[in-house]
Amino acid sequence: MIDWIACMLELHHAPLSSGEVICVEADGTVAWSTPRKMLVRGSHDSTIHVRSIGGDGKGNATHLYLDGNPSKWLQGHNLVGSDDVLSLVFDAFNRLCSLVGLKPTDFERQKVRNGDYRVTRIDYNRMFELPSRADVRSWLRAGEFKCKSRHGRPVANRGTLTFGKGSSHWSVVCYCKADEINAGGSHRLPEELHQHTEIYDWLDNKLRVELRLRSKKLKALGFEMAKTLTPAALWALYRQFIGELDMSEQIELNSDEVMNLPNWLRGTYMLWKQGHDLRDSLSKATYYRHRAELLTLGIDINIRCDRRDDSNVVPMIRVIEAVPAKIPSFFFEKGLVHHSTRRVG
């Protein structure tokens, strides 16, 4: 589902009265000023930010900047939802205009409907089902030490793993959705949804993996315009980035398997098992040759073996090969999702 989007929608209008942020120089002159974002409330008290940007030289703005979670703003939750960018943004745009008193022309509405606008950020996620919530937590703990991406090791914070934290290009975030909503705060489900106990039952064993693409990466990939971000394109991008996470399953070889290793490979395995970083002791060619051999046995020496995890070895799953959890039928039957949400997983 689409969990966040930031985009610039063409709309000629009198600037929204949301105040300004002003930078004043030491001599009292104004260096620059920019309109503040306006917070607009939607379903179940969820909010989305909008701001007037651009200018026509006559005091009018030329675009409306939308920044927020359209799924949650329209549905009241972001547990599951649509992967249809154009439908979500078009409905959010129409509702926003109604709430703040803006009147787009038919031409402007059509441009939004067609996806003729620039996207500067999009978050897309899927849920994956593990045997239990304990397994989700164990996967996240193991991932802190055993997973890598092009950004390097993930940053762990209260059970959430973030690959590429702070990156202006892209990042991947993994967390237990059941723990998130039970923690309260802004992620807590609205009171109206508490009666649906099946929601909590379904969420209990779900791992959420979220890809966040920002302006620089979208532009580099050729997906800067909303009309290019079709459901199929989003799924392909998701598989590409999640698939690049180094999440090889790490297993312990038994004594017979270790003894059957060639002498030149056995020493490498034993050093890796003791927690050594082998890039410091092997030549580049040897390192990659040994890595390729050990990968066939489920061992990736590129992911350092952390001895603190020995007492509770948790097999790593390859998320990209797992089947995303399907959206339960009750979300559709009770009208809890946006109309563009697909029934497939």
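The values are calculated or read from the model by the stated rules, or taken from the named source; none is laboratory data. Please read these numbers as outputs of a predicted model, since none were measured by experiment. So basically every Cβ, Gly included, is an ideal-geometry build from the backbone, and we count neighbours across all protein chains shown. Side chains included, ligands, DNA and RNA excluded: accessible areas come from the protein's heavy atoms. Shrake-Rupley method; radii C 1.70, N 1.55, O 1.52, S 1.80 Å.
Scanning region 182-199 for any residue that is among the hydroxyl-bearing types (Ser, Thr, Tyr), surrounded by fewer than 20 Cβ atoms within 10 Å (Cβ to Cβ), modelled with pLDDT of 90 or more and out of contact with any Gly (no Cβ under 9 Å at 6 or more places or on another chain) turns up nothing.
For beta carbons closer than 6 Å, sequence separation of 6+ or different chains, a first residue in region 131-157 that is over 18 Å from ASP300 (Cβ atoms) and a second that is at pLDDT 80 or above and among the small types (Gly, Ala, Ser), the qualifying pairs are ARG133/ALA178; LEU140/GLY159. Among the residues of region 112-144, those that are in contact with a strand residue (DSSP E or B) (Cβ under 9 Å, 6 or more places away or on another chain) and open to solvent by 20 Å² or more (accessible area, probe 1.4 Å) comprise ASP116, ARG118, THR120, ARG121, ARG126, GLU129, ARG133, ASP135, ARG137, ARG141, GLU144. Each residue in region 181-221 was checked for being touching a helix residue (DSSP H, G or I) at 6+ places or on another chain (Cβ under 7 Å), without any contact (Cβ under 8 Å) to a residue 40 or more places away in the chain and closer than 23 Å to TRP235 by Cβ, and 0 pass.
In region 164-174, what residues are open to solvent by less than 20 Å² (accessible area, probe 1.4 Å) and touching a helix residue (DSSP H, G or I) at 6+ places or on another chain (Cβ under 9 Å)? Scanning region 164-174 gives TRP170, VAL172, CYS174. Which of the residues spanning region 148-159 are open to solvent by less than 40 Å² (accessible area, probe 1.4 Å) and either basic (Lys, Arg) or modelled with pLDDT of 85 or more (or both)? LYS148, PRO154, listed by residue number. Condition test on LEU96, is it under 30 Å from LYS206 (Cα atoms) and surrounded by 18 or more Cβ atoms within 10 Å (Cβ to Cβ)? The answer is no for LEU96. Could you list all residues from region 44-64 that are out of contact with any Pro (no Cβ under 9 Å at 6 or more places or on another chain) and open to solvent by 10 Å² or more (accessible area, probe 1.4 Å)? Result: THR47, HIS49, GLY54, ASP56, GLY57, LYS58, THR62, HIS63. Within region 82-136, being in contact with a Ser or Thr (Cβ under 6 Å, 6 or more places away or on another chain) and not aliphatic (A, V, I, L, M) holds for SER82, ASP84, SER87, THR120.
Counting only residues that are among the polar types (S, T, N, Q) and open to solvent by 60 Å² or more (accessible area, probe 1.4 Å), region 1-32 holds 2 of them. Listed here are the strands (runs of 3 or more DSSP E) enclosed by region 1-107 that have at least 3 residues being under 25 Å from the mean Cα position of the chain (by Cα) and under 30 Å from LYS177 (Cα atoms): 2-13, 38-41, 47-53, 61-68. Screening PHE90 on (1) within 13 Å of LYS227 (Cα to Cα); (2) surrounded by fewer than 23 Cβ atoms within 10 Å (Cβ to Cβ); (3) touching a residue at least 60 places away in the same chain (Cβ under 8 Å) shows it passes everything except condition (3).
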